[in-house]
Amino acid sequence: MAEQAVTRLGEIQASIVALGDEDLLDFADIFRGATPTPLWEMASAEMRKRDLRL
């Protein structure tokens, strides 16, 4: 079960990385909130790599 979770997490992260810039910004905007979430943190890390800002 843990192995499946790790695989799934990798798939989610790869999906975020594969987003185009505009889609990534939309995705990040959806998950941005007062309390950071794992999806926001993944999107934020990818935005930093691409030098993108909301």
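The values are calculated or read from the model by the stated rules, or taken from the named source; none is laboratory data. Quick caveat, the model's predicted, so the values are computed rather than measured. In this analysis, Cβ positions are derived from the backbone assuming ideal geometry, glycine residues included, and neighbour counts consider all displayed protein chains. Side chains included, ligands, DNA and RNA excluded: accessible areas come from the protein's heavy atoms. Shrake-Rupley method; radii C 1.70, N 1.55, O 1.52, S 1.80 Å.
The angle between the Cα long axis of helix 21-31 and the main principal axis of the chain comes to about 70°, on a 0 to 90 degree scale. Modelled this way, with points 7 Å down the Cα-to-C-beta line, the labels at THR7 and ALA34 are 3.9 nm from one another. Its Cα gyration tensor gives the chain an equivalent ellipsoid. The semi-axes, each the square root of 5 times an eigenvalue, are 21, 13, 8 Å from largest down. Surface composition of the chain: carbon and sulfur make up 56 percent of the accessible area, probe 1.4 Å. Ranking GLU3, GLU46, GLU41, GLU22 by solvent-accessible area of protein heavy atoms (1.4 Å probe, all protein chains present), from largest to smallest, gives GLU3, GLU22, GLU41, GLU46. If I fit a long axis through the Cα atoms of helix 38-50 and take the longest principal axis of the Cα atoms of the chain, what angle between them do I get, 0 to 90°, rounded to 10? The angle comes out at about 60 degrees.
Per-residue ellipticity at 222 nm from helix content only, as computed over the chain with -39500 (n - 2.57) for each DSSP H run of at least four residues, stands at -24500 deg cm²/dmol.
For segment 14-45, the residues whose amide N sits under 19 Å from a probe point set 7 Å from the Cα of ARG53 along the beta carbon direction are 21-30, 32-33, 41, 43-45. Among the trypsin sites (Lys or Arg not before Pro) in the chain, those placed in a DSSP loop whose Cβ has at most 10 other Cβ atoms within 10 Å are ARG53.
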